[in-house]
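Everything on this sheet refers to the single structure shown next.
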Amino acid sequence: MKRRIGMLLGLAALAMLPFSAAAQQAGGDVLIKNATVMTASRGTLENTDILIRGGKIARIGKNLPAGTARVIDATGKFVTPGIIDAHSHTMMDAVNEGTLSVTSMTRIRDVLDPKDVAIYRGLAGGVTAALLLHGSANAIGGQSSTVKFKYGRPVEEFVVEGAPTGIKFAMGENPKRANFTIPGQPPRYPRTRMGVLEVMRDAFVRARDYKRSWDDFRAGKTRVPPRRDMELEPIVEILEGKRLVHAHGYRSDEQLNLLRLAEEFGFRVGTLQHGLEAFKFAPEIAKHGAGVSIFIDSWSYKLEGYDATPYNAYMLWKAGVNVSINSDSNERMRRLNLDAAKAMKYGGVPEQDALKMITLNPAIQLGIGNRTGSIDQNKDADIVIWSEHPFSPYAHPEITMIEGVVYFDRKADIERRALLAKEREELEKLDINKAPGSGGAAPRIPTERVRGDIGHIEDSDIDDHD
């Protein structure tokens, strides 16, 4: 049995190897040579080198000396900034806390799973960062997290240090829950669109009063501090301009109402998420200063999405709105490069501006545009090397780097597939995977586990002769 346990542990370690080994590569100096560099900020540079030092882009130019840097020959390849998904639920163990209409006290940071294989698949599609959002079951949902996909690293390293905090709002069918009931329980308020807006306004009125009570205490006008309210504190941060609102919604009337609500209480909405009808009030969005993060051509899955058009991105871009393209899906996340290409097809958005919609624009929307989203000197080396032009349906990422460290290497991935197949074969042969009727041993009767024990194996389970 000891031998079996040792084999299982060894195979478990092997199972992580294909995904974490690349992440353990030293983040030393790297020189990418002779690439076609699509900067997303200063046009496209032919036959250009990128020197990475200390996780940052140190130099960009032609014929840069390698020195002691590891050289990656990118002749005939295209290099872009890492893709940033401005609406994702990847690596989250929970999405909705749907019991209340306002759940601003909940945090996505508390439910992050750094082992989610969707992270690796995102890296394989060139995605290096994402905004992880609470679900849309609530008028005001939970606090969001901005992460970089550092697969194989501790979860603490995923969260982008210094990124502005955010929170999820939602409008429409999901928060009003008109088509959703729990048997034996009364309907949760609200049940109408006007009720959703009232919930938001009520929360801001309460937060404004709460803020005033703390201001009075700090000014010495009152002697007893107010009782802390974990629900209202994040909303006070919105009023103070310290927390960004990322608002789910489809219909233009609802999203325009949210902009008016924001102006009523003196804050700016960070992004209108989905925004399939945002083209209808693009000038108002531009005037308010909100960004919009859209699907390029996904709609008609609900009545709210019927008035969409693939020209939405073009019309928003033309009106001067910062527009990004998101996935809201572990599957679509891997093909955001092709969604950006569709912005060129539908409306003729220039190539660089289409690329910005999946790189620099979402970085700006998340408040991290000063450090990532484009290939510029002194920015984080979040870089993707593509087999060919990233807007081609035949293109695939060959290397995905975050802060100069390789987290996906297609060549290494392919070479490890034989090892994975062998590992699976060995695992399937183990007695522990067979039912007793198929020759396997009877399962061990569970015993009480002492806190701190890693296995609590009974002496009877150990056979030194096996």
Note to self: Please determine whether any residue of region 164-182 is assigned to a strand (DSSP E or B) and either β-branched (Val, Ile, Thr) or under 23 Å from Val405 (Cα atoms) (or both).
What the structure shows: yes
Note to self: Need the failing condition index for Gly122 against (1) surrounded by fewer than 20 Cβ atoms within 10 Å (Cβ to Cβ); (2) assigned by TED's automatic domain parsing to the domain that holds Arg177; (3) not in a loop (DSSP other than H, G, I, E, B), just the number.
What the structure shows: (1)
Check: Of the residues that make up region 358-365, is at least one surrounded by fewer than 24 Cβ atoms within 10 Å (Cβ to Cβ) and under 17 Å from the mean Cα position of the chain (by Cα)?
Finding: yes
Notebook entry, point to check: Would you say Tyr151 is of a type in the set (Ser, Thr, Tyr), touching a residue at least 12 places away in the same chain (Cβ under 8 Å), assigned to a helix (DSSP H, G or I) and farther than 30 Å from Asn257 by Cβ?
Noted result: no
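For region 24-43, name all the residues that are surrounded by 14 or more Cβ atoms within 10 Å (Cβ to Cβ) and part of a loop (DSSP other than H, G, I, E, B).
The answer is Gln25, Gly27, Gly28, Asp29, Thr39, Ala40, Ser41.
Check Phe180, Phe204 and return the single one that is out of contact with any Ser or Thr (no Cβ under 9 Å at 6 or more places or on another chain), surrounded by 12 or more Cβ atoms within 10 Å (Cβ to Cβ), touching a residue at least 60 places away in the same chain (Cβ under 8 Å) and under 18 Å from Thr103 (Cβ atoms). Full working, then the answer.
Working: Phe180 fails: touching a residue at least 60 places away in the same chain (Cβ under 8 Å).
Of Phe180, Phe204, the one residue that is out of contact with any Ser or Thr (no Cβ under 9 Å at 6 or more places or on another chain), surrounded by 12 or more Cβ atoms within 10 Å (Cβ to Cβ), touching a residue at least 60 places away in the same chain (Cβ under 8 Å) and under 18 Å from Thr103 (Cβ atoms) is Phe204.
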Margin query: Report every pair of residues separated by at least 6 positions or lying on different chains whose Cβ atoms are under 6 Å apart, first residue within region 235-260 and under 18 Å from His134 (Cα atoms), second modelled with pLDDT of 95 or more and acidic (Asp, Glu).
Written below: Arg243/Glu237
Note to self: Please count how many residues of region 241-256 are closer than 17 Å to Phe279 by Cβ and not aliphatic (A, V, I, L, M).
What the structure shows: 7
Notebook entry, point to check: When you go through (1) surrounded by 18 or more Cβ atoms within 10 Å (Cβ to Cβ); (2) over 16 Å from the mean Cα position of the chain (by Cα); (3) among the β-branched types (Val, Ile, Thr) one by one for Thr75, which number turns out not to apply?
Noted result: (1)
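Have a look at Glu231, Glu263 and point out the one that is part of a loop (DSSP other than H, G, I, E, B), surrounded by fewer than 22 Cβ atoms within 10 Å (Cβ to Cβ) and at pLDDT 95 or above. Show your work before the answer.
Details: Glu263 fails: part of a loop (DSSP other than H, G, I, E, B).
Only one candidate passes the filter, namely Glu231.
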Item checked: Unmet requirement for Glu173, which otherwise passes all of (1) touching an Asp or Glu at 6+ places or on another chain (Cβ under 7 Å); (2) surrounded by 22 or more Cβ atoms within 10 Å (Cβ to Cβ) -> (2)
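What residue, of Glu46, Glu97, is of a type in the set (D, E, K, R) and either modelled with pLDDT under 95 or part of a loop (DSSP other than H, G, I, E, B) (or both)? Outline the logic, then answer.
Details: Glu46 fails: either modelled with pLDDT under 95 or part of a loop (DSSP other than H, G, I, E, B) (or both).
Going through Glu46, Glu97 in turn, the sole match is Glu97.
The values are calculated or read from the model by the stated rules, or taken from the named source; none is laboratory data. It should be emphasised that the depicted structure is a prediction, and the values quoted were computed from it without experimental measurement. Neighbour counts are summed over all protein chains in view; Cβ atoms, including those assigned to glycine, are modelled from backbone coordinates with ideal geometry.
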